[in-house]
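Working notes for the structure below.
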Amino acid sequence: MTFSPAACPRLVVKVGSSLLVDPAGEIRRDWLASLVADIAERTRAGQQIAVVSSGAIALGARRLKLAKGGRASLEDAQAAAATGQIALAGTWAGLLHEQGLTAAQMLLTLDDLEDRRRYLNAAATLDRLLRLNVVPIINENDSVATEEIRFGDNDRLAARVAGAAMAQGVILLSDVDGLYTANPATDPAATLIPRVETIAAIEGMADGSSRSGMGSGGMLAKVEAARIATAAGAHLAIAGGHGLNPLQRFADSGHGTVFVAPASAPARKAWLRGGLTARGAIHIDAGAVEALRAGKSLLPAGAQRIDGRFARGDLVLLVAPDGSHVARGLTEYGDADAALVIGRRSDELGDLLGYAPRSALVHRNHMALL
């Protein structure tokens with residue numbers, strides 16, 4: 001199956017800074033107007049579209065005359081984001097209004113999509129806006145985000161938004177037109193990879209450079225975004241955004257790289273699988289790995305050691321003996337009690353803990369295999 005943007009009832013479109021903002025720090029208004037025209041045409045045809053838009057820091061840095069594009073320090077980036085976001089949102093809202101569409105603004109931090117309750121609140125807001133035919137304009141809330149609570153790039157934010165919005169597709173409009181066998185800027189023999197069925201097959205091909213110097217992602221971030229989106233059941237495409245009407249051009253040509261999603265997982269499993277942060281890790285033995293892959297819960301007997309500080313209900317990684325990540329899940333024990341019971345049989349737990357134990361360290365209903 002070839003990913004077609006027109007075939008997705010819900011679509012997330014991510015716009016990179018280098019496409020939206022010119023080197024002088026001004027919005028490329030004609031280009032953006034053409035993208036908005038594409039969005040309007042699709043919306044009138046019944047498609048629901050959310051936009052993840054970069055550009056706030058680049059815009060704000062010019063207005064504040066900040067060095068290094070506003071990225072010389074966290075404080076500069078926060079000030080630039082606060083200043084640029086209002087200009088960015090105003091431009092989007094004005095151009096959408098000209099097409100008869102209403103815009104909404106959502107600013108999110110990593111915690112908003114990693115905390116289950118806040119994730120559900122964000123998902124409910126997105127769903128209502130899209131059902132009202134509003135176009136949400138989404139960005140990371142860089143004016144308050146710190147290194148500990150930020151995505152760091154809008155590619156991964158777009159992928160997480162796709163899961164929250166229950167979108168079937170994501171398009172990353174970029175200054176590169178897809179994933180290549182090598183860096184096309186340095187290797188003339190590099191060829192475009194049009195379709196990726198499994199991300200493991202192409203790991204190592206991407207690098208972390210951003211061609212324009214304006215963005216914060218690079219191809220590594222895009223591959224990680226593809227991992228998150230496909231885990232939530234959404235296809236993801238990387239497509240070149242240069243030139244007018246980029247959505248229509250991609251729909252017509254199909255030129256880019258499409259990461260194909262498997263059958264979608266239940267929403268809770270998709271949230272677990274797509275998570276970016278974990279409070280700790282539980283290292284498990286080979287027998288436990290087989291049991292998890294057979295659909296069973298993680299019992300204390302299969303655990304070998306724990307890392308990190310976590311409470312009951314926190315998200316933890318389950319790690320195989322070779323160091324690979326087997327699953328993510330919500331732990332039934334805090335780290336102190338987990339340390340007491342690892343490697344122990346179920347009939348020993350009550351005496352060790354002094355209270356009636358829970359049967360699993362991580363229950364299968366609160367776990368997603370990776």
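The numbers here are math on the coordinates, done by the rules we state, and not lab data. Bear in mind the structure is a predicted one, so any value in this text is a computation, not a measurement. For neighbour counting, all protein chains shown are included, and Cβ atoms are generated from backbone atoms with ideal geometry for every residue, glycine included.
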**Complete:** Each label sits 7 Å from Cα toward the beta-carbon; between residue 97 and residue 255 the label points are separated, in nm, by 3.6
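Give me the percent relative contact order of the chain, please, defined on Cα pairs under 8 angstrom at least 6 residues apart.
Working: 793 pairs, mean separation 54.2, N = 370.
Relative contact order, the chain: 15 percent.
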**Message:** How large is the convex hull of the C-alpha atoms of the chain per residue, in Å³?
**Reply:** 139
**Fill in**
When the charge dipole of the range 5-271 is computed with +1 on Lys and Arg Cβ and -1 on Asp and Glu Cβ about the Cα centre, the Cα farthest towards its positive end, among 54, 125, 83, belongs to 125
**Prompt:** For helix 29-44, what angle does its Cα long axis make with the longest principal axis of the chain, in degrees from 0 to 90 and rounded to 10?
**Reply:** 60
**Degrees between helix 219-231 axis and first principal axis of the chain (Cα, 0 to 90, nearest 10)** = 60
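Which order, highest average first, do 65-72, 310-317 follow once you tally other Cβ atoms within 10 Å for each residue and take the mean per peptide? Mind showing how you got there, number by number?
Working: 65-72: 15.8, 310-317: 18.1.
Ranked from most to least packed, the peptides come out as 310-317, 65-72.
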**Request:** Please order 153, 142, 76 by the number of other Cβ within 10 Å, starting at the fewest.
**Result:** 76, 153, 142
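Rounding to the nearest 20 debye, state how big the charge dipole of the chain is about its Cα centre with +1 on each Lys and Arg Cβ and -1 on each Asp and Glu Cβ.
740
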**Item:** residue 180 long-range amide H proximity, modeled H, under 5 Å
**Value:** 193
**Prompt:** How many nm is it between the label spots at residue 45 and residue 370, if each spot is 7 Å from the Cα in line with the beta carbon?
**Reply:** 3.8
**Request:** Would you mind calculating the relative contact order of the range 278-369 from Cα pairs under 8 angstrom and at least 6 residues apart, reporting the percent as a whole number?
**Result:** 34
**Complete:** Which of 166, 219, 106 fluctuates most in a GNM of the chain (C-alpha springs under 10 Å)? That residue is 106
**Asked** Where does the range 321-370 land on Rg(C-alpha)/(2.2 N^0.38 Å)?
**Response** 1.24
**Request:** List, in order, the whole-Hz ³J(HN,Hα) value for each residue of the range 115-122 obtained from phi through the Karplus relation with A = 6.51, B = -1.76, C = 1.60 and θ = phi - 60°; use x for Gly and Pro.
**Result:** 7, 4, 5, 5, 4, 5, 5, 5
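I'd like the antiparallel share, as a percent to the nearest 5, of DSSP beta bridges with both residues in the range 277-370. Can you show the working numbers first?
Details: 15 of 19 bridges.
Around 80 percent of the beta bridges assigned by DSSP in the range 277-370 are antiparallel ones.
FRET efficiency for residue 192 and residue 277, Cβ-Cβ distance as r, R0 = 22 Å, nearest 0.05? Working shown, then result.
Details: r = 33 Å, r/R0 = 1.49.
The calculated FRET efficiency here is 0.10.
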**Asked** Residue by residue, what Karplus-based ³J(HN,Hα) values in Hz, rounded to whole numbers, does the range 173-183 have, using 6.51, -1.76 and 1.60 with θ = phi - 60° and x for Gly and Pro?
**Response** 7, 9, 7, 10, 9, x, 8, 10, 5, 7, 5
**Fill in**
What helix-only [θ] at 222 nm does the chain give? Using -39500 (n - 2.57) per DSSP H run of at least 4, over all residues, to the nearest 500, the answer is -11000 deg cm²/dmol
**Prompt:** Cα gyration tensor of the range 278-369, axes a ≥ b ≥ c as square roots of the eigenvalues: rounded (a/c below 1.5), prolate (a/b > b/c) or oblate?
**Reply:** prolate
**Asked** Once the Cβ-Cβ distance between residue 24 and residue 133 is put in as r, and R0 is 30 Å, what FRET efficiency do you end up with, to the nearest 0.05?
**Response** 0.30
**Asked** Roughly how tilted is helix 74-98, in degrees to the nearest 10 and between 0 and 90, from the longest Cα axis of the chain?
**Response** 60
